[in-house]
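Visitor: If you scroll down you'll find the structure; I have some questions about it.
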Amino acid sequence: MLDNQIDNKEPTHILIRSARIIDPASGMDQISDLAVVDEKVGAIEPDLDPTGFDLVLDAHGLVLTPGLIDPHVHLREPGQTHKEDIESGTRAAVSGGFTTVCCMPNTNPALDRVDMIRFINDRGDETGHCRVFPIGCGTIGRQGTTIAPIAEMQRAGAVGFSDDGDVIEDPVMMREVFQAVHSTGTAFMQHCQDPKMTVGAVMNEGEVSQRLGLTGWPRIAEESIIKRDIELTRPIGCRYHIQHVSSGGSIPIIARAQGEGVPVTAEASPHHLLLTDRAIETLGSMAKMNPPLREQADCDALTQAVADGIITILATDHAPHSAVEKANPLDQAPFGIIGLESAFGLYHKALVETGVIDLPKLIELMTINPARLCNLDQRGLGKLTIGGPADITLIDPEHPWTLSHSDLVGKSTNTPFIDWTMNARPMMTIVDGQIRHSRLAEHA
């Protein structure tokens with residue numbers, strides 16, 4: 001509830017009262033007040049004096065966390081702005097509780113030059129509802145043949161590197177990219193897919209693809225790239241991040257490398273935890289993903305990997321496409337779905353409500369861990385510190401709601417989760433001390 005609000009004035013001094021404050025970076029988990037003062041966290045302690053605040057919020061029953069961070073989104077700008085752009089994509093992000101997103105470089109033109117990195121920075125500043133950080137290409141045009149100016153792009157603002165959507169096939173080039181990325185102190189984020197093994201594939205290779213007569217996508221296409229890259233980066237020490245793990249067979253490979261001290265991290269997306277390849281039969285192209293939905297055993301292995309601390313980051317792979325494109329026949333429709341508006345509720349459903357992890361662990365996987373992946377913790381993001389950025393998400397952990405088309409505020413609506421009921425939802429998103437989205441009126 002809004003207890004007190006000054007009309008016609010953007011509040012710069014906000015007091016949030018009686019929230020359960022969870023900050024995994026510091027280990028904080030307590031009922032307390034938090035003051036936002038001039039875009040910074042001013043104080044965290046019980047029973048703060050409300051005098052002088054522009055806005056006082058009663059957050060009893062709500063959870064206050066560092067702003068959620070998604071390190072893997074597609075904002076489609078430049079080049080495909082009929083699907084999404086930085087303004088619409090960040091509007092979807094704050095609706096889902098995200099205060100920071102990192103955008104992938106598979107745009108047109110690709111983010112493979114200093115001027116393109118600066119373009120994203122400028123557009124984020126001009127039109128973004130939340131913070132936007134660019135991920136630069138590893139190779140020019142994501143073609144895998146000529147290394148991109150990695151050091152220069154990092155100095156211009158790239159917070160990581162990837163040829164996302166395409167793997168770097170040539171191991172010699174991959175090794176050169178690892179060396180260059182390592183010198184910047186950033187991570188390389190790999191789309192693990194051997195393209196020679198997935199020609200014409202539209203879904204997981206298995207019983208369902210055989211029954212439907214569709215070309216299957218074998219798990220080894222993912223696992224073989226992970227194995228190769230681990231051996232390539234082992235002597236270099238480049239931080240290596242595996243995007244959207246889909247195969248249960250990838251988990252022991254990752255776990256073994258982590259146990260041997262190789263700097264390997266991995267992420268999971270909501271759809272790979274909650275859906276199987278059987279969804280293709282009823283949802284068609286809305287269940288066409290890259291990498292594909294696998295089988296229940298794979299979902300179970302990924303879920304267990306989250307519980308075991310092998311997968312330590314959750315990322316949506318938010319991939320907007322127009323309704324016309326997704327309406328094409330399955331073999332012609334594009335891969336991917338949107339995810340920003342529904343991510344928190346789906347992760348809560350898959351991981352917390354099932355007892356796999358608790359709520360503080362879920363917050364860790366969506367705040368400080370992705371911040372560290374992209375070195376954003378060095379900017380004060382992903383955590384709550386006095387004097388640090390006031391990027392805050394307020395969550396109702398007991399808020400049943402059903403995803404409808406009216407909840408989708410970006411340009412695209414390609415999701416298989418319409419009509420799914422979830423039981424937790426972000427209720428307010430504060431970015432740099434400014435309220436960017438609120439549905440607190442729904443919180444009784």
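Visitor: Of everything in the stretch 360-387, what is assigned to a helix (DSSP H, G or I) and over 17 Å from Ala93 (Cα atoms)? Give them in sequence order.
Guide: Looking only at the stretch 360-387, we keep the residues that are assigned to a helix (DSSP H, G or I), and these are 360-366, 368-373, 376-379.
Within the stretch 360-387, Pro360, Lys361, Leu362, Glu364, Ile368, Asn369, Arg372, Leu373, Leu376, Asp377, Gln378, Arg379 qualify.
Visitor: Report whether or not Ala315 is more than 25 Å from Val431 (Cα to Cα), assigned by TED's automatic domain parsing to the domain that holds Arg239 and small (Gly, Ala, Ser).
Guide: No.
Visitor: Continuing with this model, one more query. Taking the criterion of being surrounded by fewer than 24 Cβ atoms within 10 Å (Cβ to Cβ), under 17 Å from Met153 (Cα atoms) and assigned by TED's automatic domain parsing to the domain that holds Ala315, would at least one residue in the stretch 100-107 satisfy it? If you could, list the steps in order and put the result at the bottom.
Guide: First pass over the stretch 100-107, keeping only residues surrounded by fewer than 24 Cβ atoms within 10 Å (Cβ to Cβ): 106-107.
With the extra rule that they be under 17 Å from Met153 (Cα atoms), the set shrinks to 106-107.
Filter once more, so that each one left must be assigned by TED's automatic domain parsing to the domain that holds Ala315: 106-107.
Checked against the condition, which is being surrounded by fewer than 24 Cβ atoms within 10 Å (Cβ to Cβ), under 17 Å from Met153 (Cα atoms) and assigned by TED's automatic domain parsing to the domain that holds Ala315, the stretch 100-107 yields at least one hit.
Visitor: Still on this structure, I have one more. Criterion first (in the same structural domain as Asp33 (by TED's automatic domain parsing), among the β-branched types (Val, Ile, Thr) and out of contact with any helix residue (DSSP H, G or I) (no Cβ under 8 Å at 6 or more places or on another chain)) does Thr421 satisfy it?
Guide: Working: in the same structural domain as Asp33 (by TED's automatic domain parsing): yes; among the β-branched types (Val, Ile, Thr): yes; out of contact with any helix residue (DSSP H, G or I) (no Cβ under 8 Å at 6 or more places or on another chain): yes.
So Thr421 fits the description; yes.
Visitor: So, of the residues in the stretch 32-51 that are of a type in the set (D, E, K, R) and outside any strand (DSSP E or B), which turns out to be surrounded by the most Cβ atoms within 10 Å (Cβ to Cβ)? Quick ask: steps written out before the conclusion?
Guide: Just the residues of the stretch 32-51 that are of a type in the set (D, E, K, R), to begin with: 33, 38-40, 45, 47, 49.
If we keep only those that are outside any strand (DSSP E or B) as well, we get 38-39, 47, 49.
Numbers: Asp38: 9, Glu39: 15, Asp47: 9, Asp49: 10.
For the stretch 32-51, the residue satisfying everything is Glu39.
Visitor: Another question about this same structure. On the given criteria, is Leu314 farther than 30 Å from Asp38 by Cβ and crowded, with 24+ Cβ neighbours inside 10 Å? Spell out how you get there, then give the answer.
Guide: Values: farther than 30 Å from Asp38 by Cβ: yes; crowded, with 24+ Cβ neighbours inside 10 Å: yes.
Yes; evaluated as a whole, the condition is true for this residue.
Visitor: Right, something else. Tell me which residues, restricted to the stretch 200-214, are assigned to a loop (DSSP other than H, G, I, E, B) and touching a residue at least 40 places away in the same chain (Cβ under 8 Å). Outline the logic, then answer.
Guide: Step one: of the stretch 200-214, the residues assigned to a loop (DSSP other than H, G, I, E, B) are 200-202, 205-206, 213-214.
Within the stretch 200-214, Gly200, Ala201, Val202, Gly206, Leu214 meet the criteria.
Visitor: Being in contact (Cβ under 8 Å) with a residue 40 or more places away in the chain, charged (D, E, K, R) and under 16 Å from Ala92 (Cβ atoms) is the filter here; which residues of the stretch 419-444 pass it?
Guide: Arg425, Arg436
Visitor: Kindly provide the set of residues from the stretch 416-444 that are among the acidic types (Asp, Glu) and either within 29 Å of Ala323 (Cα to Cα) or assigned to a loop (DSSP other than H, G, I, E, B) (or both), ordered by number. Don't jump to the end; show me each part of the working.
Guide: Here is the first cut: in the stretch 416-444, the ones among the acidic types (Asp, Glu) are 419, 432, 442.
The answer is Asp419, Asp432.
The values are calculated or read from the model by the stated rules, or taken from the named source; none is laboratory data. For clarity, every value in this text was computed on a predicted model and none was experimentally measured. Methodologically, a virtual Cβ is constructed for each residue, glycine included, from the backbone with ideal geometry; neighbour enumeration extends over all protein chains shown.
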